[in-house]
Structures are given as structure tokens and as C-alpha cells.
Amino acid sequence: MSNSLAIRLDRTIEALPRAYPGPGGAIAIVRDGETLISHTWGWANAERRIPFTPRTLFRMCSITKQFTCAALLDAFPDPSDLDNDVRARLPHLSQRPPTALHLCHNQSGLRDYWALAMLHGSPPEAPFGDIEAAGVIAGARTLQYAPGTRYSYANHNFRILSDILQTRTGRGFADLLRTRIFEPAGMATALLAADTRAMPDGTEGYEGTPASGFRAAENRILWTGDAGLGASLNDMIAWERHIAATTDDDTALYTRITAPVRFADGTPAAYGFGLNRATELGRPVTAHGGALQGWRSHRMFLPAERISVVVMFNHLSDAHEAAVDLLAAVLGEDRPPPAATTAPEPDWTGSYIEPETGLAVRIDAIADGQVRLRYGHFPERLTLHADGTASCPGARLRRGQGGLWMDRPFENQSTCLRPCDGDALVTNLAGRYRCEELDAELTVTDAGGVLYGGFSGFLGQARMELLSPVGADVWLLPCPRALDHTPPGDWTLAFQRDGSDRIAGVEVGCWLARRLNYTRIG
């Protein structure tokens with residue numbers, strides 16, 4: 001390592017704990033198999049004063065998904081051998097079922113099961129184990145879209161795959177990961193830490209901020225192939241070194257899970273086999289992040305440069321941004337500043353309905369030549385351009401034939417938004433609504449002229465939340481917390497009227513679980 005590179009890395013390492021504050025963290029940079037950085041700081045358990053070390057076990061959360069797909073390809077080189085197994089686990093599905101590859105690529109069309117858990121009345125941080133998961137998964141009767149045509153995140157795509165692997169091989173998923181992935185890669189302490197209540201070495205994840213203080217996060221979910229991986233920084237360094245050593249081998253597992261993926265119409269897909277195909281600082285990367293209450297992680301690999309970056313926080317700071325900081329340091333580059341713009345505020349801010357998903361779209365102008373788009377999993381900041389468009393890495397807004405168009409190439413989606421005109425009226429909306437597909441209910445109440453709503457089903461009775469108006473007969477029901485720390489986001493409630501102008505039902509959906517019809521029953 002050159003002296004100038006060492007100085008850059010030292011400065012970045014010194015800045016990270018204050019730029020991304022929290023109880024503790026761990027970072028690594030591997031270049032061409034050589035570990036340039038392995039650094040930890042702070043506390044794995046602040047109450048018990050257990051320090052964060054390179055041997056500390058950490059919840060890698062959704063980074064698990066790539067390991068699930070690697071184990072699948074190792075056991076079943078032709079994933080189509082498992083298509084009938086996928087079909088068998090969706091016994092009530094009325095449409096053509098997805099294939100195993102559709103699950104690997106998040107193109108299945110299934111609604112995410114922890115989002116559906118909220119519609120089944122689950123309180124935040126409630127227990128969610130094998131019984132609860134099986135009930136939600138097996139209950140699927142319809143899909144959000146035809147398999148292979150779109151992308152949407154669904155954690156239980158990967159839970160289904162890990163369950164199938166167990167059944168077909170007759171071996172536990174933990175054993176499959178250990179023998180097929182961890183041991184060959186030299187990941188000596190990695191394990192399937194499915195029970196999120198505690199880590200074997202006492203490591204805790206934390207919520208909060210320096211201003212509000214930090215507290216241990218409560219997790220009571222049983223994750224498997226979707227988010228169950230436990231690994232130390234040393235384990236992840238071993239994984240990255242294994243990738244570097246095998247990157248020229250066409251038969252290597254990482255080479256296979258980073259192979260190009262397409263949608264059914266031939267359009268290249270940016271997600272496949274539990275990995276994002278993305279660009280960072282102008283360079284192609286394969287990457288994935290992880291998030292659970294109290295935990296944030298990110299890993300990325302640049303194949304051309306054979307550089308890997310790993311970031312692990314046992315708090316809620318942005319691990320992706322920290323990873324890009326480290327990448328800029330090792331490349332010897334400054335992160336580009338935000339694009340300056342003098343574009344005027346557009347005349348197309350306001351509220352819309354996206355017709356394919358039925359979800360509300362809200363656009364408002366914010367400072368520095370940007371607009372905020374609220375549609376998907378989280379709000380997005382789009383930069384305004386001189387040609388009247390606005391864009392960010394995941395979305396673009398533009399004027400086109402028929403009105404305002406939203407392009408989301410990651411999801412293989414481009415649609416003309418429908419203005420959500422008119423005033424939302426409180427009258428006649430209160431009542432009980434039942435979703436036959438879920439065997440679950442939505443209750444809307446008028447409490448002193450203010451509308452509240454809450455879901456209920458086989459997982460319990462959720463608390464009532466204040467509804468917010470969007471447009472005529474369109475309201476939002478917030479979901480600020482869920483089983484996972486990152487909530488599903490606001491639920492769109494699109495009330496439907498019959499021929500006599502009476503409210504007869506409501507369509508409910510969020511980005512993770514769309515177009516569920518509820519009929520008024522009281």
C-alpha cells in the first residue's frame with residue numbers, strides 16, 4: 001500500500017465514527033485478495049461493555065439472500081428442478097405460479113410477507129416464527145403482477161427457497177450453508193442465526209440517535225434464507241477474499257450469482273440471485289445491504305478493480321453511504337458534489353395515482369432544485385433538470401403523452417400518472433371492510449370528525465392510526481413501524497363507490513403488497 005493511500009484511508013477511518021455515530025461498527029476493504037483495512041470501534045454490547053472486534057458476530061440481515069442463492073445453485077445447478085416445489089408451497093394461488101428463478105430475482109409477483117403481517121393485525125415487534133410465516137405464505141391467492149415482468153422486494157421469496165432446500169436435501173439450512181458455502185470460503189464462525197432475539201456472543205443492535213440516546217432494539221422474528229446470516233468481520237473478509245480468488249472462474253458460485261439477469265420481455269434486470277447490479281462512482285458493482293431493527297450493513301464488490309468494501313453498524317446509520325466513502329478513499333477520488341441546478345420549480349407537483357399498482361404518488365418541491373417523490377419503500381429526492389425532468393438513480397419524472405410519466409427502470413416500469421383530483425371527504429367512509437383473500441379486516445372509524453384506521457386478522461389487532469387525505473376517496477394509513485425496522489410505508493386506501501354513490505369497498509396497498517380488495521361488511 002502506498003503512503004498516500006494509507007493516509008487517505010486513515011483519515012476516512014478516523015471520520016467514520018462521527019459521520020455515522022452509534023454504539024459500534026466494523027469496516028473492511030479487500031483489494032485483489034489483500035486486506036487493506038480491518039477496523040472496528042465501539043461496543044458490541046454497550047450495557048455489558050463488550051467491545052466490537054473483528055470476531056464479533058453480527059446480523060448481516062438481507063445480505064443473507066446471496067448466500068441462499070449460492071447454496072441453491074450449488075445443490076441444484078438447474079433451479080428449474082425446484083419449480084414444482086415452489087408451486088406446492090402456494091396451494092391456493094389462482095394464477096400461474098412463479099418459478100424458483102423468479103424468486104431468486106425478486107420477480108415472483110408475491111406480496112412481501114412481513115408487510116402482509118401488518119394487514120393480518122400483527123403489532124410491531126410481535127413474534128413472527130415458522131407458524132406465522134407459513135400461514136401468511138400459504139394464504140397467497142393472487143399475485144401483484146405476472147412473474148418475470150416486474151421487480152418487487154419480497155423477503156419470503158428467499159425463505160421459500162431455503163425451506164425447499166431443506167426438504168429436498170433432507171438437511172437443515174444451517175448445515176447446508178456451513179458445508180456448501182462457509183467452510184469452502186473460510187468463514188470460520190459464520191452461522192445461521194435465525195432467532196433474532198439474541199446473538200450467541202451477546203452482540204446487540206441499537207435504535208436511536210446521539211440526541212435521543214440509544215437503546216437496545218427488540219427483534220422477535222425468525223429469519224432463515226431471507227435474513228438469517230450471522231457473521232463476523234473476519235468472516236466477511238474471508239468471503240470477499242474468496243470472491244477475489246475465484247472471480248476468473250466461470251464455474252465459481254459468485255460468478256454464477258452475478259451473471260446477467262433479464263425480465264421476461266428481455267430487458268436487463270438490475271437485481272438477481274440476491275444481489276444488486278449497480279454503479280458506484282462510475283464503476284460497475286455487485287452489492288447488497290442489510291437492515292433490521294438495530295442493524296445496518298452493506299457489502300460491494302468491484303469486479304474490474306477486484307475491490308471489496310464491507311460496512312457493519314449495530315445501529316441505524318447509513319451503511320451504504322459509509323461504504324461509498326470508503327470506496328472513494330481507496331480509489332483516491334472525492335465523492336462528486338450534488339449536481340447544481342437552476343431549474344425552476346415544476347408545475348407538476350401534487351398528488352397522483354400510479355395506475356398499475358394503484359398506489360398514491362406524492363410529489364413536492366424541496367430546497368436546492370430538488371423534488372421529493374413519495375411512492376415506493378421510502379421517499380426519494382430527485383434533481384430537477386433544465387429540460388423539465390427530474391431524476392435520481394431509481395426514478396425519473398417527465399412530461400409525456402397524456403401527462404406526467406414516472407419511469408422506474410429497476411422495476412421495469414414506466415407509466416403515466418393519473419392526477420388525484422378532488423377533496424377527500426370524511427363522511428360515509430367509517431365502517432368495517434373485509435379482504436376475502438387474506439381473511440382479514442380493516443376498520444375505519446370517525447372519531448369526532450377525524451378518521452382512523454386499523455387492521456386485524458389471525459396475527460392480532462393493530463392499533464388505530466390517523467388517516468391522511470390525498471384526494472377524492474383516497475387516503476393514507478401510516479405504518480411507522482413493523483416487524484422489520486424499515487416499515488412498509490404508507491398504505492394507500494382507495495375507497496370505491498357503487499352505483500348509488502355509497503362506499504362499497506376499498507383497495508389497499510403499499511409498495512411491498514399491492515392491490516388487495518376489501519369489501520364493506522358493516
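The values are calculated or read from the model by the stated rules, or taken from the named source; none is laboratory data. Here the structure is a predicted model, which is why all the values come from computation and not from measurement. When we count neighbours, we look across all protein chains shown, and the Cβ atoms used for this are built from the backbone with ideal geometry, even at glycine. The accessibility values were calculated without ligands, DNA or RNA, using every heavy atom of the protein model including side chains. Shrake-Rupley method; radii C 1.70, N 1.55, O 1.52, S 1.80 Å.
Distance from the Cα centroid of region 454-474 to that of region 3-49 is 43 Å (rounded to whole angstrom).
Defining a contact as two alpha carbons under 8 Å apart and six or more residues distant in sequence, what relative contact order in percent does the chain show? For the chain, the relative contact order is 17 percent. Assuming charge only on the beta carbon of Lys and Arg (+1) and of Asp and Glu (-1), the dipole of the chain about its Cα centre is about 300 debye to the nearest 20.
Sorting the Cα pairs of region 335-444 by distance into bins of 5 Å, from 0 upward, gives 2, 10, 19, 20, 15, 12, 9, 7, 3, 3, 0 percent per bin.
Rg then Dmax, both in Å and based on the Cα atoms of region 128-230: 16.8, 50. Once Lys and Arg get +1 and Asp and Glu get -1 on their Cβ, which of Tyr151, Thr247, Gln166 lies farthest toward the positive end of the dipole of region 135-264? Farthest towards the positive pole: Tyr151. Stokes-Einstein diffusion for region 1-131, with the hydrodynamic radius set to the Kirkwood value over Cα pairs and evaluated at 10 °C in a medium of 1.306 mPa s, equals 82 µm²/s. Each residue was assigned an accessible area with a 1.4 Å probe, and for Glu183 the value is about 110 Å². Relative contact order of region 256-375, taken over Cα pairs closer than 8 Å and 6 or more residues apart, is 12 percent. The long axis of helix 319-331 is offset from the longest Cα principal axis of the chain by roughly 40 degrees. Hey, how much of the P(r) for region 348-404 falls beyond 16 Å, as a percent of Cα pairs? Result: 40 percent of Cα pairs exceed 16 Å. In the distance distribution for region 185-232, Cα-Cα pairs more than 17 Å apart total 44 percent.
When only Cα pairs below 8 angstrom with a gap of at least 6 residues are kept, region 1-136 shows a relative contact order of 10 percent. Whole-percent P(r), region 315-392, all Cα pairs, 10 Å bins from 0: 16, 35, 31, 16, 2.
Per the Cα gyration tensor, region 264-422 maps to an equivalent ellipsoid with semi-axes of 31, 19, 16 Å, ordered largest to smallest.
Which percentage, to the nearest 5, of the DSSP beta bridges contained in the chain is antiparallel? Percent antiparallel among DSSP bridges in the chain is about 100. When the Cα positions of Val285, Gly42, Leu483 are compared along the charge dipole of the chain, Leu483 comes out farthest toward the positive end, with charges on each C-beta of Lys, Arg, Asp and Glu.
Each of Ala115, Ile181, Ala100 was placed along the dipole of region 66-209 (beta-carbon charges, centred on the mean Cα), and the one lying farthest toward the positive end is Ala100. In this label model, Thr427 and Arg256 are separated by 6.5 nm, measuring between points 7 Å along each Cα→Cβ vector.
With Rh defined as the Kirkwood radius, the inverse of the mean 1/r over Cα pairs, the Rg/Rh of region 268-327 is 0.98.
Residue order by solvent-accessible surface for Thr342, Thr267, Thr189, Thr167 is Thr342, Thr167, Thr189, Thr267, largest first, with ligands and nucleic acids left out and a 1.4 Å probe. For region 381-522, a simple Cβ point-charge model (Lys and Arg +1, Asp and Glu -1, everything else neutral) yields a dipole of about 300 debye relative to the Cα centre.
From the square roots a ≥ b ≥ c of the eigenvalues of the alpha-carbon gyration tensor of region 62-198, which class results: rounded (a/c under 1.5), prolate (a/b over b/c), or oblate? Oblate.
For Glu218, no residue 5 or more places off, or on another chain, has a built amide H under 5 Å of its own. Principal axis extents of the C-alpha atoms in region 380-522 (largest first, rounded to whole Å): 51, 39, 29.
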